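The values are calculated or read from the model by the stated rules, or taken from the named source; none is laboratory data. Please read all numbers here as calculations on a predicted model, not as lab measurements. Methodologically, a virtual Cβ is constructed for each residue, glycine included, from the backbone with ideal geometry; neighbour enumeration extends over all protein chains shown. Surface areas here come from the heavy atoms of the whole protein model, side chains and all, with no ligands, DNA or RNA. Shrake-Rupley method; radii C 1.70, N 1.55, O 1.52, S 1.80 Å.
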Amino acid sequence: MTQPRGSAAKSAALSAALSGAVDLSALKARAEAAQRQPAAPPAGPAGGDGPPRPAPGDAVIDVTEATFQAEVVERSLHQLVVVDLWAEWCGPCKQLSPVLERMAAESGGAWVVAKVDVDANPRIAQLFGAQSIPTIVAIAGGQPVDAFSGALPEPEIRKWINALLDALRDKLPGIRDAEAAGGPVEEPEDPRFTEAEEAFERGDFAAAQAAYERILDVEPANELAKNALAQVKFTARAESADPDARAKADADPSDLAAQLDAADLDIAENDVEAGFKRLIDTVRRTAGEDRNKVREHLVALFDLFDPADDRVMKARRDLASALF
């Protein structure tokens, strides 16, 4: 699920990106120990210390379970590695991956994208506890340092990367090397997205919605704007929901407004299955306009997630069963 920056709903949802993640410190320790063995120095420049340093053009790396140790863990001791968990069938992945790849190529070697096909390498996805794709995990010093899920707008991604580079500059020599060589090529941020994001961050959801809608008026196929618009609408609704909605909904199943608000609160707190089930049960109990209103609300919640998310696919099947 993609959430705009700055919301409590986003913080709860994105914390799931690393839920159950395995601490890579043991792998890091093994990598560092291997570097100290004189009989088996790491591949790289003769006499060099530390992990192999990539060529400047190696901005994108295809990683498998067999190469994960060298290409992610060991490489992250020198430079920031951004792991892109993707699959061929994932539509949002096809929007997000090219943005990451282009930005990595512009960085001059400060960071790289490590692409992981989760269908071919399921154990890596399990390692990070990924609940949906795309999931993006930043690795530095052999450990995960941050993550997000969903196809964020490019300005959001750029801010995220820049914040990581600033925080890690004194820890990873690859960042300093890139800066010494001229640094990454910065592109100006898209002012349309910047306007929308700034409005969202100050809590002006109406202005943020209008800004994203203007982008879509000109570019109807802009998936990043579509996703962001859906998140803005949801966040505005969730933050205005009755905080007692769940108690009211449980006490009175016929209270339609309480059921809708309660489902939004469930989703905002990342209790996704509960939110979906609440509305599907309400669909079963209602008819006519009330049923249609609940159905439309539920379908709008589906749009917050990757269509291939197991929770969404199950809820769609359950909804079809409830309707027919």
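Suppose we filter the stretch 216-268 for residues that are free of Cβ contacts under 8 Å to residues at least 60 places away in the same chain, more than 20 Å from ILE280 (Cβ to Cβ) and open to solvent by less than 60 Å² (accessible area, probe 1.4 Å); how many remain?
5
Would you check if VAL99 is touching a residue at least 12 places away in the same chain (Cβ under 8 Å) and either among the basic types (Lys, Arg) or open to solvent by less than 10 Å² (accessible area, probe 1.4 Å) (or both)? Walk me through it before giving the result.
On the way: touching a residue at least 12 places away in the same chain (Cβ under 8 Å): yes; either among the basic types (Lys, Arg) or open to solvent by less than 10 Å² (accessible area, probe 1.4 Å) (or both): no.
No; evaluated as a whole, the condition is false for this residue.
Against the conditions (1) modelled with pLDDT of 50 or more; (2) surrounded by 12 or more Cβ atoms within 10 Å (Cβ to Cβ); (3) over 19 Å from ALA140 (Cβ atoms), where does PRO41 fall short? Just the number, please.
(1)
Being modelled with pLDDT under 95, small (Gly, Ala, Ser) and over 28 Å from the mean Cα position of the chain (by Cα): is that true of SER254 here? If you could, list the steps in order and put the result at the bottom.
Details: modelled with pLDDT under 95: yes; small (Gly, Ala, Ser): yes; over 28 Å from the mean Cα position of the chain (by Cα): yes.
Here the answer is yes, as SER254 does meet what is asked.
Given the criteria under 18 Å from GLY150 (Cβ atoms) and under 21 Å from the mean Cα position of the chain (by Cα), does ASP310 qualify?
Values: under 18 Å from GLY150 (Cβ atoms): yes; under 21 Å from the mean Cα position of the chain (by Cα): yes.
Against the criterion (under 18 Å from GLY150 (Cβ atoms) and under 21 Å from the mean Cα position of the chain (by Cα)), ASP310 qualifies.
From the set of residues in the stretch 131-157 that are open to solvent by 30 Å² or more (accessible area, probe 1.4 Å) and not β-branched (Val, Ile, Thr), which is farthest from the chain's Cα centre (by Cα)? Steps first, please.
Initial filter on the stretch 131-157 (open to solvent by 30 Å² or more (accessible area, probe 1.4 Å)): 131, 143-146, 154.
Among the residues that remain, those that are also not β-branched (Val, Ile, Thr) are: 131, 143-144, 146, 154.
On the way: GLN131: 10, GLN143: 18, PRO144: 14, ASP146: 10, GLU154: 12 Å.
If we take residues in the stretch 131-157 being open to solvent by 30 Å² or more (accessible area, probe 1.4 Å) and not β-branched (Val, Ile, Thr), then GLN143 is farthest from the chain's Cα centre (by Cα).
Can you tell me which residue is nearest to LEU172 (Cα to Cα) among those in the stretch 102-130 that are open to solvent by 30 Å² or more (accessible area, probe 1.4 Å) and not hydrophobic (A, V, I, L, M, F, W, C)?
Within the stretch 102-130, the match that is nearest to LEU172 (Cα to Cα) is GLY108.
Quick check, is ARG176 surrounded by fewer than 18 Cβ atoms within 10 Å (Cβ to Cβ), closer than 30 Å to HIS78 by Cα and out of contact with any Cys (no Cβ under 8 Å at 6 or more places or on another chain)?
Details: surrounded by fewer than 18 Cβ atoms within 10 Å (Cβ to Cβ): yes; closer than 30 Å to HIS78 by Cα: yes; out of contact with any Cys (no Cβ under 8 Å at 6 or more places or on another chain): yes.
Here the answer is yes, as ARG176 does meet what is asked.
Considering only the stretch 78-92, I want to know if a residue exists there that is in a loop (DSSP other than H, G, I, E, B), open to solvent by 40 Å² or more (accessible area, probe 1.4 Å) and either acidic (Asp, Glu) or in contact (Cβ under 8 Å) with a residue 24 or more places away in the chain (or both). Talk me through it step by step, then tell me what you get.
If we filter the stretch 78-92 for residues that are in a loop (DSSP other than H, G, I, E, B), which is where we start, we get 78-79, 87-90.
This time we only want the ones that are open to solvent by 40 Å² or more (accessible area, probe 1.4 Å), so: 88-89.
Among the residues that remain, those that are also either acidic (Asp, Glu) or in contact (Cβ under 8 Å) with a residue 24 or more places away in the chain (or both) are: 88-89.
Checked against the condition, which is being in a loop (DSSP other than H, G, I, E, B), open to solvent by 40 Å² or more (accessible area, probe 1.4 Å) and either acidic (Asp, Glu) or in contact (Cβ under 8 Å) with a residue 24 or more places away in the chain (or both), the stretch 78-92 yields at least one hit.
Yes or no, residue by residue, for (1) polar (S, T, N, Q); (2) under 27 Å from ALA196 (Cα atoms):
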| position | (1), (2) |
| --- | --- |
| ALA207 | no, yes |
| ASP217 | no, yes |
| ALA228 | no, yes |
| ARG237 | no, yes |
| ASN270 | yes, yes |
| GLU296 | no, yes |
| ASP310 | no, no |
| ALA315 | no, no |
| SER321 | yes, no |
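Quick one: how many residues across the stretch 275-290 are among the small types (Gly, Ala, Ser), open to solvent by 40 Å² or more (accessible area, probe 1.4 Å) and within 29 Å of the chain's Cα centre (by Cα)? Spell out the reasoning first.
Residues of the stretch 275-290 among the small types (Gly, Ala, Ser): 275, 287-288.
Narrowing the set further to residues that are open to solvent by 40 Å² or more (accessible area, probe 1.4 Å) leaves 287-288.
Subset that is within 29 Å of the chain's Cα centre (by Cα): none.
Summing the residues that are among the small types (Gly, Ala, Ser), open to solvent by 40 Å² or more (accessible area, probe 1.4 Å) and within 29 Å of the chain's Cα centre (by Cα) in the stretch 275-290 gives 0.
Modelled with pLDDT under 85, open to solvent by 20 Å² or more (accessible area, probe 1.4 Å), among the hydrophobic types (A, V, I, L, M, F, W, C) and more than 30 Å from ALA221 (Cβ to Cβ): does that describe ALA31? Show your work before the answer.
On the way: modelled with pLDDT under 85: yes; open to solvent by 20 Å² or more (accessible area, probe 1.4 Å): no; among the hydrophobic types (A, V, I, L, M, F, W, C): yes; more than 30 Å from ALA221 (Cβ to Cβ): yes.
So ALA31 does not fit the description; no.
For the stretch 142-182, give me the residue count where each residue is in a helix (DSSP H, G or I) and of a type in the set (Ser, Thr, Tyr). Don't jump to the end; show me each part of the working.
Residues of the stretch 142-182 in a helix (DSSP H, G or I): 154-168, 173-180.
Now drop any that are not of a type in the set (Ser, Thr, Tyr), which leaves none.
Number satisfying all stated conditions: 0.
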